[in-house]
Amino acid sequence: MSIAGRTSNEYNADGLSGVKKNTRRRRVIFIIAIILLALLAELLRSNLYISVDEYLYMSNDLPAGFSGVKIVQISDYHNSGEGFCDRLLSKVKLESPDYIFITGDTADSICTDLKAAEGFLEKVSKIADCYLVWGNHDLALSLDDQKRLKDCCVNNGITVLENSYAVLERGSDKVLLVGTDQSMDSTQVERMFGSVPKGCKTVIWLHHYPEDFKDIVDVSEKAGIGADLVFSGHAHGGLIGIPFAEGLYAPGQGFFPEYASGRYEYGSSVMLVSRGVGNSGYTKRLFNSLHLVVCELKSGKK
Ligand SMILES: [Fe+2]
């Protein structure tokens, strides 16, 4: 028997014909496939594309000799591979930096083959003067591997700041560069700064963990030094980018972190947070590209 030219078994319980139902199913599959492809493309972009953000730091206290100085910050390299290293460093070279600050997690405590980190350190040291602090992954390596990484830095002329400082000099002008790998109280900071030479009006601070920003500013001010410009990493942009938020999750800060990427202010101090150029272990990021920070210093009114 047929109804209006169709046989009765072409109609289903919900009243849709088998043909219509198949068309709807095909549409749903098509839309899901498009969404999955878009997510895959975004996954590739987030984990391969290196975005470069430029910042300007202006201060009346900055000595004239440092005005125009360009800094490239590289954070969270995490033993990334050789091909990636060359691509990253070609971007760094394009910036012609005066200094390169490496703010922790050059190695990875899960993927512990140090050859990639060593290759990176050797090559990056040839671009500009490099200063490095350790991150949690570096410090979680075996003592032998930590020594191997430090030897690599020393052999390639990279200054490792282990709760210590260096004085950057341009002509007679000086800037104090501090590097810490743990939180410190004001007594420890005072002790560390016991022999700071006079005439360093600007203090730049390298510290892997951005969640310590306010503590660093408060403790350093209490010790009579003050941190003017802090460079940090660790948060990996909050792993998954979320509109109107600083990402989904950051170690040390938990869900919806306060500091994950970009510029932050506290009092008169500024912190720049890199989203990093690598991933920890086997984690992947989404809506959150790899990140080089470029900062130009300028003396003058903000
Ligand atoms: Fe990291």
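Residue by residue, here is whether (1) surrounded by 21 or more Cβ atoms within 10 Å (Cβ to Cβ); (2) within 29 Å of Phe120 (Cα to Cα) holds:
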{"position": "Lys201", "(1), (2)": "no, no"}
{"position": "Phe213", "(1), (2)": "yes, yes"}
{"position": "Asp218", "(1), (2)": "no, no"}
{"position": "Gly224", "(1), (2)": "no, no"}
{"position": "Ile240", "(1), (2)": "no, yes"}
{"position": "Tyr259", "(1), (2)": "yes, yes"}
{"position": "Gly267", "(1), (2)": "no, no"}
{"position": "Val273", "(1), (2)": "yes, yes"}
{"position": "Val293", "(1), (2)": "yes, yes"}
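Among the listed residues Leu149, Leu143, Leu139, which satisfies the condition of being surrounded by fewer than 22 Cβ atoms within 10 Å (Cβ to Cβ), of a type outside the set (Lys, Arg), in the same structural domain as Tyr77 (by TED's automatic domain parsing) and away from the ligand (no atom under 16 Å from the Cβ)? Break it down stepwise before answering.
Working: Leu149 fails: away from the ligand (no atom under 16 Å from the Cβ); Leu139 fails: away from the ligand (no atom under 16 Å from the Cβ).
Criteria check complete, one pass: Leu143.
Identify all residues within the range 171-187 that are within 27 Å of the chain's Cα centre (by Cα) and not aliphatic (A, V, I, L, M); write none if there are none. Result: Lys174, Gly179, Thr180, Asp181, Gln182, Ser183, Asp185, Ser186. Restricting attention to the range 257-279, the residues being over 16 Å from Ser46 (Cβ atoms), of a type in the set (A, V, I, L, M, F, W, C) and either free of Cβ contacts under 8 Å to residues at least 12 places away in the same chain or within 13 Å of the ligand (Cβ to nearest atom) (or both) number 1. Restricting attention to the range 224-248, the residues that are part of a loop (DSSP other than H, G, I, E, B), under 22 Å from Gly281 (Cα atoms) and small (Gly, Ala, Ser) add up to 4.
Does Gly254 satisfy the criteria of being surrounded by fewer than 24 Cβ atoms within 10 Å (Cβ to Cβ), more than 16 Å from the ligand (Cβ to nearest atom) and farther than 30 Å from Phe66 by Cα?
Details: surrounded by fewer than 24 Cβ atoms within 10 Å (Cβ to Cβ): yes; more than 16 Å from the ligand (Cβ to nearest atom): no; farther than 30 Å from Phe66 by Cα: yes.
In short, no.
Just one of the listed residues (Glu162, Glu221) is acidic (Asp, Glu) and in a loop (DSSP other than H, G, I, E, B), namely Glu162.
The values are calculated or read from the model by the stated rules, or taken from the named source; none is laboratory data. Just so it is clear, the structure is predicted and the values come from calculations on it, not from any experiment. Neighbour counts are summed over all protein chains in view; Cβ atoms, including those assigned to glycine, are modelled from backbone coordinates with ideal geometry.
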